Amino acid sequence: MSSSSFIDIQNLSVGYTSRSQKIIKVLRDVSLTINRGESVGLVGESGSGKSTLALAAMGYFKRGLRALNGSVHFNNINMLGLDHDELQKIRGGNLALIPQNSGQSLTPTMRIGRQIAEALRLHSDLSQTAFDDRIIEILSQVRLPNPAALINRYPHELSGGQQQRVAIAMALAGQPDALLLDEPTTGLDVTTQAHILELLRDLARDRNMAMLYVSHDLGAISRVCDNVVVMYAGEVVLTGSSRQTLLAPKHPYAHGLLTSIPRLKQKELPVALDGRPPMPGEAITGCAFADRCALADDQCRTTSPPLTRLESAESIRCFHHDKIDQLATSSQKVKQRKAARKDTGETTLGLEDLAITYAKSGFLTQFLSNSPPPPATVDNININIEKGETLGLVGESGSGKSTILKTIAGLISPKNGGIILNQDTKLTAKVEDRPSMNLRQIQMIFQNPDDSLNPRHTVAQILAQPLRLYFQLSGKDLHDRSVKLLEQVRLGEHYLSRLPSQLSGGEKQRVAIARAFAAEPEIVLCDEVTSALDVSVQAAVLDLLNVLKKERGTTYIFVSHDLAVVKAISDRVAVLYQGRLCEIGPSDAVYQAPFHPYTDVLLGAVLEPDPDTAPTLSADDVVELSPPAKGCPFQRRCPKKLGEICENQTPPAQTSIQASNQGHVIHCHIPLKELH
Amino acid sequence: MAQAITHQFEKNRALTVLKDLVSRPSGAIGLSLVMFHLVLAIISPYIAPYDYKLQNSYLMLSAPDAVHWLGADHLGRDVFSRTLMGGREALLVTGIATPLAVIWGGFIGILFGLVGGRLDEVLMRVVDAFLSLPWILKMLVIIVTFGSGTAVLIPTLAFFYGVPVIRIARAATHDVIARDFVWSAKARGHSRISIIWRELLPNVLDALMVEGAMRWSWMLLAFSSLSFLGFGVSPPTPDWGLMISDARGFMSFAPWGVIGPVIALSSLIIGINLTADALAKALGIDRAQKAPV
């Protein structure tokens, strides 16, 4: 079959044979075409088959998977009919893949130059001298600083963003006509992500490459892609231009995904998309999305909707795409307001001059080198958290936000400073020395529920732990209380006998939340609790935390790298850089001018699923390993740096004078008036 | 009630793991081989056609026939009867020594893993140094000093085969204690004992079970080697290692004396290894994957 499209996938089904000899389909009759110079975004929740489809485009199937029917053509070559050697020539040459975790995809024992040389040698025949020049040329194409020095470095000497750039450089080495990107910016800091995306966008345009961009992040897709393909349960449910899809999605699933994303301009919490997608192999009658769809009727539950092409050049798999406006209005009502904060003025937790250090140079090295000890990882943190408020802590990785939480929980001992509970109890540094009463009052929820729930414990055992420990419950009392807790996190009694491995990501995090609330805590520490979850699930978890707060008046300290998430849930926000406070204040004030220069950089880099907004890149994305010994923590990256004063003097705390922005403090040498 | 669910679940897990184990070809074959040998070891005295000590000089090194299925050895004893009973001593000794090895090695390994830091580092180097000596040398020193009765062999095997278990238990402990559920338990204020018992042990135990199965097969081989060298069981007790050693000299013209015990010993060891393999897969701790290249 010949076709005009560059990458042409027709009616592809991919599946595996289960141990009970059933054929389980992961992709069902998927068609996708990409033209030269076109970039297509592939979106969907985890398990929707998007990565499988991207890998199938290069004729690769994960172990056990195989193409059941359909065709994959690349540049009019049938990729499914090639043998291993022929595929190898195309992969990495004309068709390159940039994987998600570049740190793991680089060989740790090989210098950067040699890794790129290896990729070059496979797909070109240059002379040795031309070779080195070409490597440097490729490295500068991906905008890596000082490429000549870089070729002698090892991957671990580079930051995450630089590693990702090297991975892109390796992909470019074969001068590809098409790039497959599998979540290339997931796990990177916001500023780094914004830089990488701009780079990809420019590369695709300059070289007229076809791109298939797989991501769960609609913000990233809106920045890079011309067209969007939305996948659900192994099927394509919507294709269209990214403008159409992101501004006025016609499929209820795409609509749900978009409303579940928290946005900076929005005052309400994002609307959760309830339910979960069907697992591969689960029997589906009718539309796969019918169970979660507000527009579903009897027709949807019995007949599977075909993929129909609309006049607007979109293709959609839905009977009711003309009624999508109803969905928009009905969901407006569901929007949850942030729980109103009761202004009690009562401090529940005080952090006084908190300083934490990880760096412990040995006595001997310090004695011999006679150098001053390295600056503390976290220093000079003074925050009073009021009863019933939610304090958001934001910052990039290495900003010390999780370290502060662990110190409050007693898992890390501070270098100096104190943690005062309820204005009178000074908490001991170590958790072992704290009385049971204080332990109960502070509970922590971790980032990844896969890691924070013991894989060998059932939900019943998980919930029983705090209930036995703090309330000595047993027998029927224990069971009743566990069921009540599950109800509060909207899970049924039958979950008690389940293992974590039998739960979805969102359900696991709900169990982790239930375990924290089992202690009836006054303060709950949330450490990136939604980062490991899909956006739709994230919205549901945020909503749950909000409801629990309304009911119980719990105080949250909410750590996240995602500024929009923090905005959605927090009353007050503290921005941290290198373990030092840059800005703190009511969340509305922090997200408005005047900004601390770092807040400004962070906000500029936030990607929103809106084709009309472009991120502004003001500071470079270098990662610093340790804070500067004196002066402003942000001095080395600050785009508004004044000069020597920033390097030598600790910036003063400037308080906003506006009455509405009470308690808005910016630590900067630049006068507030100029911080816009 | 929650307690009841807990117990029911633990039973369920054992059952699911067992079901998964036998549903795999390696598990089904391995487990049936092991069961076959265990049953045989118990009933062999009653089903053996001849007395294992009965010597008949007319039959010396006679070839297999309808009466003596595997022929006779150099003393004219029935090889088939002796092969049937030849695993009893080995299974008894290793059957007791293996759990002992896993228990003490596991205990010390978990302890090292928990202590961590410099002390752990120093102690592990001692373990490494100990492991670098050939095992047979160390064992022979003990046996020569204390004799080779069952009462000496069981603790000796248990001791030497517990040392490698330390490494496994320590590594598994290191894997688990860094995980958030342990931090979470610590932040809640659970006692150290409770964290070890509830959070750590269930996760380390899986690795120890598989390691135990592997150690068992190694230990069987070691026991047979000792017998082969003349330090294991004493004649006339039938033992595969000893039988192979005895028949070795006549192998060129009377190979039947070796074939029976060799097949018996290898089938048991292969059975144990296959079971251990399938067990690791059934427990979900087998990380071996087909290489992509």
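The values are calculated or read from the model by the stated rules, or taken from the named source; none is laboratory data. Please read all numbers here as calculations on a predicted model, not as lab measurements. FYI the Cβ positions are ideal-geometry reconstructions off the backbone, even for glycines, and counts take in every protein chain you see. Just the protein is used for accessible areas: all its heavy atoms, side chains included, with ligands, DNA and RNA removed. Shrake-Rupley method; radii C 1.70, N 1.55, O 1.52, S 1.80 Å.
Show me, for region A:181-188, the HN-Hα J-couplings you get by feeding each phi into the Karplus relation (A = 6.51, B = -1.76, C = 1.60, θ = phi - 60°), rounded to Hz, glycine and proline as x.
Once θ is set to phi - 60°, the couplings for region A:181-188 become 10, 9, 6, x, 10, 5, x, 9 Hz.
Of B:Ala66, B:Ala254, B:Ala14, which has the largest mean-square fluctuation in a 10 Å C-alpha GNM of chain B?
Maximum among the listed residues: B:Ala66.
Quick one: Karplus J couplings for region B:231-247, per residue in order, coefficients 6.51, -1.76, 1.60, θ = phi - 60°, nearest Hz, x for Gly and Pro?
These are the phi-based 3J(HN,Hα) values: 10, x, 6, 9, x, x, 3, x, 8, 4, x, 5, 4, 5, 4, 5, 8 Hz.
Excluding residues fewer than 8 places away in the same chain, name every one of the aspartates and glutamates whose C-alpha is closer than 17 Å to that of A:Lys476.
Cα-Cα hits under 17 Å: A:Glu487, A:Glu493.
Could you compute the FRET efficiency for B:Ser32 and B:Met60, with r as their C-beta to C-beta distance and R0 at 45 Å, rounded to 0.05?
E between B:Ser32 and B:Met60, to the nearest 0.05, is 0.80.
R0 = 30 Å: FRET efficiency of A:Leu122 with A:Asn76, Cβ-based, nearest 0.05?
Numbers: r = 23 Å, r/R0 = 0.75.
Calculated value: 0.85.
Which links in A:Lys265/A:Lys387; A:Lys640/A:Lys673; A:Lys401/A:Lys630 stretch past 23 Å when you go from one Cα to the other?
Values: A:Lys265/A:Lys387 27 Å; A:Lys640/A:Lys673 14 Å; A:Lys401/A:Lys630 20 Å.
As for pairs spanning more than 23 Å Cα to Cα, those are A:Lys265/A:Lys387.
Please give me the summed charge of the neighbours of A:Cys668: other residues whose Cβ is under 9 Å from its Cβ, Lys and Arg +1, Asp and Glu -1.
0
Got a number for carbon plus sulfur as a percent of the protein assembly as shown's accessible area, 1.4 Å probe?
Using a 1.4 Å probe with all protein chains present, the protein assembly as shown comes out at 56 percent carbon and sulfur.
How much space per residue, in cubic angstrom, does the convex hull of the C-alpha atoms of chain B take up?
So the per-residue Cα hull volume is 196 Å³.
Which whole-number percent gives the relative contact order of chain B, counting Cα pairs below 8 Å spaced six or more residues apart?
27
Enter the buried accessible area of the B/A pair, total of both sides, probe 1.4 Å, in Å² rounded to the nearest 100.
2900
Given points 7 Å out from each Cα along the Cα-Cβ axis, report the A:Lys630 to B:Ser266 separation in nanometres with one decimal.
7.8
Less than 10 Å Cβ to Cβ from A:Asp534, Lys/Arg counted +1 and Asp/Glu -1: what total charge do the surrounding residues give?
On the way: positive: A:Arg276; negative: A:Glu45.
So the surrounding residues net to 0.
Answer rounded, prolate or oblate for region A:585-676, using the Cα gyration tensor with square roots of eigenvalues a ≥ b ≥ c: rounded when a/c is under 1.5, else prolate when a/b is larger than b/c, else oblate. Write out the running numbers ahead of the final one.
On the way: a/c = 2.14, a/b = 1.11, b/c = 1.94.
The shape class here is oblate.
To test your reading of the geometry: what angle, between 0 and 90 degrees and rounded to tens, separates the Cα axis of helix B:88-115 from the longest principal axis of chain B?
20
Hey, rough spin-label estimate for B:Leu119 and A:Asn152, points 7 angstrom out along Cα→Cβ, what's it come to in nanometres?
Calculated label separation equals 4.5 nm.
Which whole number gives the average count of other chain Cβ atoms within 10 Å of the Cβ atoms across peptide A:91-98? It would help to have the intermediate numbers written out before the result.
Numbers: counts 0, 0, 0, 0, 0, 0, 0, 0.
Per residue, the average neighbour count from other chains is 0.
How far is helix B:256-283 tilted, in degrees, relative to the longest principal axis of the Cα atoms in chain B, given as a value from 0 to 90 rounded to the nearest 10?
10
May I ask what percent, to the nearest 5, of DSSP beta bridges between residues of region A:347-570 are antiparallel? All intermediate terms of the calculation are to be shown ahead of the outcome.
Numbers: 13 of 27 bridges.
Restricted to region A:347-570, the bridges split so that about 50 percent are antiparallel.
Report the extension gain between A:Gln662 and A:Leu617 in nm, rounded to one decimal, defined as 0.36 nm multiplied by the number of residues separating them, less their alpha carbon distance.
On the way: separation 45, 0.36 × 45 = 16.20 nm, distance 2.97 nm.
Between A:Gln662 and A:Leu617, full extension yields 13.2 nm more.
May I ask for the angle, rounded to the nearest 10°, between helix B:2-23 and the longest principal axis of chain B, with both axes built from Cα atoms and the value confined to 0 to 90°?
40
Can you pull the accessible area of B:Trp256 for me, 1.4 Å probe, Å² to the nearest 10?
40
Mind listing the long-range amide H neighbours of A:Leu42? Cut-off is under 5 Å, sequence gap 5 or more, other chains count too, H placed in the peptide plane at 1.01 Å from N.
A:Tyr213, A:Val214, A:Ser215, A:Val229
What is the set of long-range amide H partners of A:Tyr232 at a cut-off below 5 Å, with H atoms built 1.01 Å from backbone N?
For A:Tyr232, the qualifying residues are A:Val237.
Summarise the partner chain shielding of A:446-454 as one whole number: the mean count of Cβ atoms from other chains within 10 Å of each residue's Cβ.
5
Starting from the Cα gyration tensor of region B:1-154, take the square roots of the eigenvalues, sort them a ≥ b ≥ c, and report rounded, prolate or oblate (rounded when a/c is under 1.5, otherwise prolate if a/b is larger than b/c, else oblate).
oblate
Largest first, how would B:Arg179, A:Arg165 line up by accessible area (1.4 Å probe)?
Descending order: B:Arg179, A:Arg165.
Within chain B, how many Lys pairs sit with Cα atoms under 30 Å apart, leaving out pairs fewer than 8 places apart on the same chain?
6
In terms of modelled amide H atoms, which long-range or inter-chain residues lie less than 5 Å from the amide H of A:Asn384?
Close amide H contacts, sequence-distant or interchain: A:Leu351.
Cα gyration tensor of chain A, axes a ≥ b ≥ c as square roots of the eigenvalues: rounded (a/c below 1.5), prolate (a/b > b/c) or oblate?
Judged from the Cα gyration tensor, chain A comes out oblate (a/c at least 1.5, b/c at or above a/b).
Counting only other chains, and only Cβ atoms inside 10 Å, what mean value do you get across the residues of A:458-465?
The per-residue average across the peptide is 5.
Could you tell me the calculated FRET efficiency between B:Ala14 and A:Met110, based on Cβ-Cβ distance and R0 = 60 angstrom, to the nearest 0.05?
On the way: r = 46 Å, r/R0 = 0.77.
Efficiency for this residue pair is about 0.85.
Express the relative contact order of chain A as a whole percentage, based on alpha carbon pairs under 8 Å and six or more residues apart in sequence.
Normalised by residue count, the contact order of chain A is 13 percent.
Write down the accessible area per residue of the protein assembly as shown in Å², having rolled a 1.4 Å probe over the full set of protein chains.
That works out to 44 Å² per residue.
Tell me, what HN-Hα J-couplings in whole Hz come from the Karplus equation 6.51 cos²θ - 1.76 cosθ + 1.60 at θ = phi - 60° for each residue of region B:57-70, using x for Gly and Pro?
Per residue, the Karplus-derived 3J(HN,Hα) values read 5, 5, 9, 2, 6, 6, 6, x, 8, 5, 8, 10, 4, 10 Hz.
With contacts defined as alpha carbon pairs under 8 Å and 6 or more residues apart, what's the relative contact order of region A:585-676 in percent?
Reported relative contact order: 34 percent.
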